[in-house]
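The values are calculated or read from the model by the stated rules, or taken from the named source; none is laboratory data. Note that the structure is predicted; figures quoted are calculated from it, not measured. Please note: Cβ atoms are built from the backbone with ideal geometry, for glycine as well, and neighbour counts cover all protein chains shown.
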Amino acid sequence: MCGIAGIFSPAGKPVESHLLVKMTNSLRHRGPDDEGYILAHTASASAQPFRGTDTIPAISHPDINERALLGKNSNLGLGWRRLSIIDLSPTGHQPMSNADQSIWIVFNGEIYNYIELRKELAAQGFVFRTQSDTEAIIHAYTAWGQDCLHHLNGMWSFALYDALNKRLFCARDRFGIKPFYYYWDGTTFRFASEIKALLESDETPRRANQAMVYDYLAHRILDHTEQTFFESIVQLRPGHSLQLDRSGLRTHEYYTLDYNPELGHFDENEARRFADEFRERFTDSIRLHLRTDVTLGSCLSGGLDSSSIVCTSNQLIFGTEGVSRAIVGDRQKTFTATSRDARFSEEQFVQRVIQQTHANPFFIEPTSEGLLADLPAFVRAHDEPVISTSMYAQWNVMKLASQNNVKVLLDGQGGDELLGGYRWHFPVFHGQMLKEMRLRDLYTELRSTRDVTGLSMMNLVAPVALKMAKSLVPQSLRGNLLDVSVYFGPDFAGKRLRSAGVLLKSDFNLQRRLWEEETRFNMQQLLHYEDRNSMAFSIEARVPFIEHRLIEFVMKVPAVYKIHDGWSKYLLRNAMEGLLPKEIQWRKDKMGFVTPEESWIQNLRPHFVKLIRQEAFRSARFADMKKFIDQFDRGSISLPSSDTAPPV
């Protein structure tokens, strides 16, 4: 796991080495263990590696900070910061090359199937000089070219310099677990793991992207397109690669996720078969995610997803996998954010998992005072806005793990989007039944959902009726039904800066809705927060639910096996039979990663009012700040729940 950065001018403009160093060192939190660079002249296919201030002593390259050593013709520079996870030896140093130095790479992420990949490539005659997963990418590219991406299982963003073809090849993993941002003005290309590195250059414009500001303020959404909050900076989309040479910049979508749109007809035998296959694939995903040479732990909220990971991991760690005790200790370590307010605490469920697994638990209580103290660092870590204080609760979990010297954390992101775990998935499922005139099934499901969730029949039927009414509105006008903030400034309120169709989600097909949340909406935001929160504390967060073979299988399972008899995530509940404590397997409530947000805001109101007044002029072109401050100062602004979907 690393931070990567680079500069490339296909037209031959020399690289500013001091800027490359500044960009790379702005990412030191992502990789405090090592540092490395190359400067290359693509016309002559020459490249020179360099060391930096934090480079390990075993690497004897020239120091990039001593400018007298540098050539003036280098038009490509790659920078790298290392968080050592696999192959801790100096041979894991980057930028890494093949034997003849015709390929160089800087890589952020983990290739979980690197052991199997190395065996496959060795059988083809490739010779490995390291034990790293990075070298597997280099040889995979040599063997299969850009199709190498289809052979990788993991999370990644990387930039690979192909000296023979004089091109830079960059790629991001299938679901966007690892970030890749870039700026391209037609002459110079700059990329980095985080936006802050690109802002080290004075040539990067600092203009707000009004379309993203609008979507965020109106709909609480971000990361749904390649755009960022900075007009000049874009992100490489999940499942995309990028190629840059003298003929220009081209992006390519190398991966698309298919889904089965069918509702299906429930059958007990099929349900058992699907559950068994899910458990087998889920267990295999966790087995791969346990591969590490450093200390390992798990996030544990007490919910279905994180509890499934902890319980499955426990079986593997102390069973078939026999993970080294130097990595996990005598007991698996778990990390939990808790609250003294029972409305926001899942500690009773956490304790039940600990009791069953004999895990070694660590707890932390996020507070409003802590939020105020951490706010500058929290804001800087994220570069862009967050949608709730839930992200700060996760920040605390990462801090707690760091304080206890854990470098790799398993986390449960992606389970709800994959398996139908949110409350708003029910009306989509029920609406699909209504659309298909499955009235008897619909009545049965409504009654079951009422019994499981405690919601009244009226509360269950109303959102379905609202969706039906909305469906009668022509598609071209449907965007007008989206809520717009009452605090928008008069000039900004009327702007529809993006086609509303981009923001609309499926109302009558559960599988389509889950596909949208997996590939375009919710999960992209959650992975954004996961990466920034974990890397702020030099921790590698791993997400076993987001493994492409597992996801591809689940997206082919008909909808009736995901919501059944009023139970959300039925497929997972069924699959975890005998492994999870019953109290968690059949929990009727879903809390989410919530915090006492309203009381926090109330406690910090004077501080926030002062802050908003100081910064009001910056936001005046987007919002009626006087109206907002007046309402906020009086405490009459209500906050949306942390566990609600963006209103699109």
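Values as computed for the structure displayed
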item: Residue under evaluation residue 357, criteria (1) of a type in the set (S, T, N, Q); (2) modelled with pLDDT of 95 or more; (3) more than 24 Å from the chain's Cα centre (by Cα); (4) surrounded by fewer than 20 Cβ atoms within 10 Å (Cβ to Cβ), criterion not met; result: (4)
item: Some residue of the stretch 82-96 being in contact (Cβ under 8 Å) with a residue 12 or more places away in the chain and in a strand (DSSP E or B); result: yes
item: Set 572, 580: member being at pLDDT 95 or above, closer than 30 Å to residue 113 by Cα and not in a loop (DSSP other than H, G, I, E, B); result: 572
item: Subset of the stretch 526-562 (residues that are surrounded by fewer than 22 Cβ atoms within 10 Å (Cβ to Cβ), under 18 Å from residue 425 (Cα atoms) and not hydrophobic (A, V, I, L, M, F, W, C)); result: 556, 558
item: Residues within the stretch 12-63 that are of a type outside the set (Asp, Glu), part of a loop (DSSP other than H, G, I, E, B) and within 26 Å of residue 86 (Cα to Cα), tallied; result: 13
item: Matching residues in the stretch 259-291 - criterion: being in a loop (DSSP other than H, G, I, E, B), on the phi < 0 side of the Ramachandran plot and more than 20 Å from the chain's Cα centre (by Cα); result: 259, 260, 261, 262, 263, 265, 266, 267
item: Close pairs (8 angstrom Cβ cut-off, 6 or more residues apart or separate chains): more than 16 Å from residue 487 (Cα to Cα) and not assigned by TED's automatic domain parsing to the domain that holds residue 390 in the stretch 600-620, surrounded by 13 or more Cβ atoms within 10 Å (Cβ to Cβ) and aliphatic (A, V, I, L, M) anywhere; result: 600/371; 604/371; 604/372; 607/372; 608/601
item: Check on residue 499, modelled with pLDDT of 95 or more, hydroxyl-bearing (Ser, Thr, Tyr) and out of contact with any Cys (no Cβ under 8 Å at 6 or more places or on another chain); result: no
item: Sole exception among (1) over 30 Å from residue 371 (Cβ atoms); (2) of a type outside the set (D, E, K, R); (3) out of contact with any Asp or Glu (no Cβ under 7 Å at 6 or more places or on another chain); (4) assigned to a helix (DSSP H, G or I) for residue 553, by number; result: (3)
item: Matching option when the condition is surrounded by 14 or more Cβ atoms within 10 Å (Cβ to Cβ) and either more than 30 Å from the chain's Cα centre (by Cα) or touching a residue at least 60 places away in the same chain (Cβ under 8 Å) (or both), among 406, 473; result: 406
item: Residues of the stretch 121-146 satisfying the condition of being outside any loop (DSSP other than H, G, I, E, B), in contact (Cβ under 8 Å) with a residue 24 or more places away in the chain and not aliphatic (A, V, I, L, M); result: 133, 134, 135, 139, 141, 142, 146
item: Verdict on residue 11 being surrounded by fewer than 21 Cβ atoms within 10 Å (Cβ to Cβ), within 19 Å of residue 103 (Cβ to Cβ) and assigned by TED's automatic domain parsing to the domain that holds residue 109; result: no
